[in-house]
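The values are calculated or read from the model by the stated rules, or taken from the named source; none is laboratory data. Not measured: the values here are computed from a predicted model. Here Cβ is always computed from backbone atoms with ideal geometry, including for glycine, and neighbour counts include all displayed protein chains.
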Amino acid sequence: MRRFFNILFRVVITVLVLLLLAVPFVVRRVDRTPYAQTDWYRHMMQRLDSLAATHPPPVADTVLRVGYAKVNITPNHAVPTAGYGKREGRPVLQVHDSLFVRTLWLQQGNTKAAIVSADLLIIPPEVTQQVKARLSAAGIEWNNVFIGATHTHNSMGGWGKNYIGELFAGTYNQELVNNLAAQIIQSMALAARHATGAQLVYEERQAPQLVRNRVLGDSAPEYHVLHSLHALLHSGETVSLHSFAAHATTLSDSVMQLSRDYPGALLAQLEQQQRFAMYMAGAVGSMGPVEPDGSDWQQLSYMANGLADTLQHGAFKKSVPLGDVLWPVTLPLELREPQWRFTQNWCFRHWLWSRLYGDYPAEVKALKIGDLLLVGMPCDFGGELMAPLQAYAQQNGKHLMVTSFNGGYCGYITPDNRYDAEGYETRVMNWFGPGNGAYFSEVIRRLLDIM
């Protein structure tokens, strides 16, 4: 018996020693070096300096042409939904309303730009890779594609690899990814085919009754600007793009039906009056929809009807015609090494993160249309960060619209003073901090300066 316990003791000690030796290979302390002191920050600033030096804005010497198209992407078979981990990848069998990818095509002489939005949770990185590989079929380069999603939490999944991707989107399906990429490209090609002369108008309205700070509560800052870009085609038609900050989460995880959530209901109303409308999720970080008492579908209708009413009757914060200047830009976005934390000061190492999520490139996208700058970020960009950015744009005589989910995804970007707060947005989904609230904001300000 004594010999048995001696052997057991040695085995336990050996296992403990091996575990202690393995820990440094799995976890590390969080790097809190101020971002402005890092090499990756200097590289990003150099990249922006190069943009300013080598890419002067084009001259408005030709008529701006606009085209539009939408392609149905609703799957014809059972698929998992994406958006709520509680669903655990269960397939959805019912379609409440169809899913689409929509494109607004802009062309000025040889300069082309495609504004694309899909009824998806995000634009999945795996889909982005396929789009890049096949994009020549649409006659446009990735640099000129400004892409985003409606951020509905009741769309199809099946597009995320590895543990984290499948946690949010169910079992990976390569055929579904291939089909989505082909449909995105098809929408661009169709939109380009029928482009015609147009005048563009940019508008902002306030809708404070439709958004709340879902992290800090009613007394906390909110971003409640409803952005709209209207194209008045020479044919007499009107088409439009709209963006708002409230998460498309009026439908809870218990609703197992495919749906575009409130953005889809809004577009359905608008398209009763005009040929085409599209929607892109804005600075949705920390911003939730206002949900009065009632069923999920009643809450969805409240949001859609409220936005439609704001567009029809709401007072303008601004309404300005845009000049015929078109300048699309896509830049690699330098980031800190991933720091997925399990406590305040400890995170998993990069190699483990790569296996749990994957290593995907991050980019920032920008599209200048006259005095309007659209900026697309690879994240849930924080609504609380928008007020100073809007003020900065106004000081420089420009207009700013920031959208999320531009084809990459690096988690939530929130105010830096909450980086150490426990919570979903600041701990679970803040993957590349600290300091990214200030860093991403600085990149946007530099783009406003340059473009």
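Quick notes
- Within the stretch 276-320, considering residues that are surrounded by 14 or more Cβ atoms within 10 Å (Cβ to Cβ), modelled with pLDDT under 95 and farther than 14 Å from residue 242 by Cβ, the one farthest from the chain's Cα centre (by Cα): 320
- The stretch 106-149: number of residues that are modelled with pLDDT under 95 and in contact with a Phe, Trp or Tyr (Cβ under 7 Å, 6 or more places away or on another chain): 1
- When residue 152 is tested against (1) at pLDDT below 95; (2) within 18 Å of residue 246 (Cβ to Cβ), only condition (1) is not met.
- Here residue 194 fulfils each of the conditions (1) in contact with a Gly (Cβ under 6 Å, 6 or more places away or on another chain); (2) under 30 Å from residue 87 (Cβ atoms); (3) not charged (D, E, K, R) apart from (2).
- Against the list (1) touching a residue at least 40 places away in the same chain (Cβ under 8 Å); (2) more than 27 Å from residue 354 (Cα to Cα); (3) surrounded by fewer than 24 Cβ atoms within 10 Å (Cβ to Cβ); (4) not hydrophobic (A, V, I, L, M, F, W, C), the condition residue 117 fails is (3).
- Residues considered: 148, 157. Of these, the only one that is surrounded by 20 or more Cβ atoms within 10 Å (Cβ to Cβ), closer than 13 Å to residue 177 by Cβ and of a type outside the set (Asp, Glu) is 157.
- Residues of the stretch 80-102 include at least one that is buried (at least 23 other Cβ atoms within 10 Å of the Cβ) and either without any contact (Cβ under 8 Å) to a residue 60 or more places away in the chain or within 19 Å of residue 374 (Cβ to Cβ) (or both).
- Annotation: of all residues in the stretch 394-451 being at pLDDT 95 or above, under 23 Å from residue 38 (Cβ atoms) and among the β-branched types (Val, Ile, Thr), the one that is surrounded by the fewest Cβ atoms within 10 Å (Cβ to Cβ) is 450.
- Residues being part of a strand (DSSP E or B) and either at pLDDT below 95 or closer than 12 Å to residue 282 by Cβ (or both) - total across the stretch 205-231: 5
- Only one of the listed residues (295, 259, 286, 319) is without any contact (Cβ under 8 Å) to a residue 60 or more places away in the chain and of a type in the set (S, T, N, Q). That residue is 295.
- Of all residues making up the stretch 332-363, the number that are basic (Lys, Arg) and at positive phi: 0
- Top-ranked residue of the stretch 230-275 - restricted to ones that are over 21 Å from the mean Cα position of the chain (by Cα) and under 25 Å from residue 91 (Cβ atoms), ranked as surrounded by the most Cβ atoms within 10 Å (Cβ to Cβ): 255
- When the strands (runs of 3 or more DSSP E) confined to the stretch 45-159 are screened for residues that are not aliphatic (A, V, I, L, M), those reaching at least 3 such residues are found at 64-72, 100-108, 111-118.
- Pairing residues of the stretch 191-204 that are in a helix (DSSP H, G or I) with residues that are surrounded by fewer than 18 Cβ atoms within 10 Å (Cβ to Cβ) and of a type in the set (Ser, Thr, Tyr), at Cβ distances under 8 Å and at least 6 apart in sequence or on separate chains, gives no pairs at all.
- Whichever residue in the stretch 324-349 is surrounded by fewer than 14 Cβ atoms within 10 Å (Cβ to Cβ) and not polar (S, T, N, Q) and, among such residues, is modelled with the highest pLDDT: 332
- Any hit, the stretch 413-424, residues being at positive phi and more than 14 Å from the chain's Cα centre (by Cα): yes
- Of the residues in the stretch 327-350, at least one is farther than 19 Å from residue 407 by Cα and free of Cβ contacts under 8 Å to residues at least 40 places away in the same chain.
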